[in-house]
1. Quick one: count up the residues across the range 136-187 that are part of a loop (DSSP other than H, G, I, E, B) and over 31 Å from the mean Cα position of the chain (by Cα).
2. Counting only residues that are in a loop (DSSP other than H, G, I, E, B) and at pLDDT 80 or above, which one in the range 265-279 is farthest from the chain's Cα centre (by Cα)?
3. When you scan the range 246-264, how many residues do you find that are closer than 16 Å to residue 279 by Cβ and either at pLDDT 90 or above or not assigned by TED's automatic domain parsing to the domain that holds residue 181 (or both)?
4. Considering only residues of the range 233-273 that are without any contact (Cβ under 8 Å) to a residue 60 or more places away in the chain and on the phi > 0 side of the Ramachandran plot, which is surrounded by the fewest Cβ atoms within 10 Å (Cβ to Cβ)?
């Protein structure tokens, strides 16, 4: 129950003005009765009830303020989205879907300035999308073993590569460069053989040529000098191959005697030996 403060003040003032020494006790008693009459009885439940009313008022006002903030945020979000929806990307960057779906960003690259990416958005497929023509892989090997041939058959040398993974696919070309140190006192020839996708060795022949077959069947001919016992000779050649290999490729040098006495690789013919050498083979994969 609410207290009537105005009535209480009036009653108190009246009683206080009427007090004197002879009647103090009596008047104090009457004053307390007047207070009871003016204020009435106020219980704990009355106080709690009034508190609940005030709490509800505060909650109601707070809800109204939260709603106002949320409405203003929605208004600002709509305004920003409208500005971004009309945004034009700067040249040289990328195009972003105007819907704002950045998950679709992978489909908005410019393959002319970056690389060709599968339109599915699968970056794992990037290895199958090489860039402009250029070097894709290089492999080099050396061999210092001493080998001798005294016949006219094609003989496999110890100068060869292991199976090299093909990076650019079946369209790749391979530049094969061989440097061979040797000695003989007559003509000898050498060829490049290949193994595609782990298969057997086959000749990368350009054709057998014409005339005396002993001199026409090699890719390259070895030079020689009159002193076959003390001076190592050298032969370097390069071959560009298009093997149509999709998995692996390997190369090996084969040598044959075209006439005269035998032939030594990586050492002099005589002298047991007078000098030794190291032969090398380099393979470069290129895209075109």
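1. Total satisfying the criteria: 11.
2. Here is the first cut: in the range 265-279, the ones in a loop (DSSP other than H, G, I, E, B) are 266, 268-275, 277-278.
Keeping just the survivors that are at pLDDT 80 or above gives 266, 268, 274-275, 277-278.
On the way: 266: 45, 268: 52, 274: 54, 275: 51, 277: 44, 278: 40 Å.
Selected residue: 274.
3. Number of matching residues: 4.
4. Let us first name the residues in the range 233-273 that are without any contact (Cβ under 8 Å) to a residue 60 or more places away in the chain, namely 233-236, 270-272.
Checking the rest, the ones that are also on the phi > 0 side of the Ramachandran plot come to 271-272.
Values: 271: 11, 272: 7.
Across the range 233-273, the extreme among qualifying residues is 272.
The values are calculated or read from the model by the stated rules, or taken from the named source; none is laboratory data. Small disclaimer: the values here were computed from a predicted structure and weren't measured. Backbone-built Cβ (ideal geometry, glycine too); neighbour counts: all protein chains shown.
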